[in-house]
Amino acid sequence: MSSDYASVAAEPSPFLLQFGQAALILIDMQRDFLEPGGFGAALGNDVSLLRRAIAPNKALLAAWRRAGGLVIHTREGHRPDLADLPPAKHARGGDVRIGDMGPMGRILVRGEPGHDIIADLAPVAGEPVIDKPGKGAFHATDLAAILANRGIAQLVVTGVTTEVCVNTTVREANDRGFDCLVVADCCASYFPEFHEQGLRMIAAQGGIFGWVGQSADVIAAIQPQTSGAA
Ligand code: TIU
């Protein structure tokens, strides 16, 4: 990009993207949440509601990679011995529990097929993958250190689910001083009304937690400038 920052249309005001200090972070685009037969489906959720976010994420990820930006992926999951799983978290969720055997291996356990990121958005070499035991990506991970080491001050946030892991991560990031642009069409929830309200909660009150934009506007802002002068 030729300028220091690009203005991206967003709520509640344009987001001034400084690409060199920004990371794209994809939250928990894992098989357990997005594929039939995973944890999300086992809880009775309609995974097609989440799968809407795959194509926009794919386009944004490709554009971000082409522009040479830092990409970070997260996965929610636990050690195979479940030693990092708080009993309070283990107890919740109904009949299907973290660590139980499911069609894609043990649910939300690291190393199991269901814990993997979906093939459409698979990380490539050099892209940090943050394995997180909580809903927020900062809690009990090395994300803060990775961002500090790379001089990152802004996060462009996508993933699932809007009101759970995306919101928790954005709130954690906001308290740590990051500017967050949440990409609405790249996020999704099993509950459409939670998706809408989750986004509104971020941009309300003058951007209490950050900004909310659309993938097409981010992509347009990071595309290499093509001038007429060849
Ligand atoms: N990644 C994430 O949001 N984890 C969840 O458990 N979300 C639900 O909405 N259940």
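Sort out which residues of segment 163-183 are farther than 17 Å from Ala144 by Cβ, open to solvent by 10 Å² or more (accessible area, probe 1.4 Å) and more than 15 Å from the ligand (Cβ to nearest atom), and write them in order of number. The answer is none; no residue qualifies.
Consider segment 20-55 and keep the residues that are over 22 Å from Gly111 (Cα atoms) and surrounded by 21 or more Cβ atoms within 10 Å (Cβ to Cβ). The one that is nearest to the ligand (Cβ to nearest atom) is Leu50.
Just to check your reading of the model, which residue among Ala137, Ala188 is within 15 Å of the ligand (Cβ to nearest atom) and touching a His at 6+ places or on another chain (Cβ under 7 Å)?
Only one candidate qualifies: Ala188.
Taking the criterion of being of a type in the set (D, E, K, R), open to solvent by 40 Å² or more (accessible area, probe 1.4 Å) and either in contact with an Asp or Glu (Cβ under 6 Å, 6 or more places away or on another chain) or under 21 Å from Ala55 (Cα atoms) (or both), would at least one residue in segment 138-161 satisfy it? No, segment 138-161 contains no residue that is of a type in the set (D, E, K, R), open to solvent by 40 Å² or more (accessible area, probe 1.4 Å) and either in contact with an Asp or Glu (Cβ under 6 Å, 6 or more places away or on another chain) or under 21 Å from Ala55 (Cα atoms) (or both). Scanning segment 57-70 for residues that are of a type outside the set (D, E, K, R) and open to solvent by 30 Å² or more (accessible area, probe 1.4 Å) returns Ala59, Ala62, Ala67, Gly68. Residue by residue through segment 191-208, note down the ones that are open to solvent by 20 Å² or more (accessible area, probe 1.4 Å), of a type in the set (A, V, I, L, M, F, W, C), within 16 Å of the ligand (Cβ to nearest atom) and out of contact with any Ser or Thr (no Cβ under 7 Å at 6 or more places or on another chain). Scanning segment 191-208 gives Phe191, Met201.
Among the residues making up segment 119-134, a single one is within 16 Å of the ligand (Cβ to nearest atom) and more than 17 Å from Cys165 (Cα to Cα): Leu121.
The values are calculated or read from the model by the stated rules, or taken from the named source; none is laboratory data. Computed from a prediction, not measured in an experiment: that's the story for all the values here. Please note: Cβ atoms are built from the backbone with ideal geometry, for glycine as well, and neighbour counts cover all protein chains shown. In case anyone asks, the SASA skips ligands and DNA or RNA and just uses the protein heavy atoms, side chains included. Shrake-Rupley method; radii C 1.70, N 1.55, O 1.52, S 1.80 Å.
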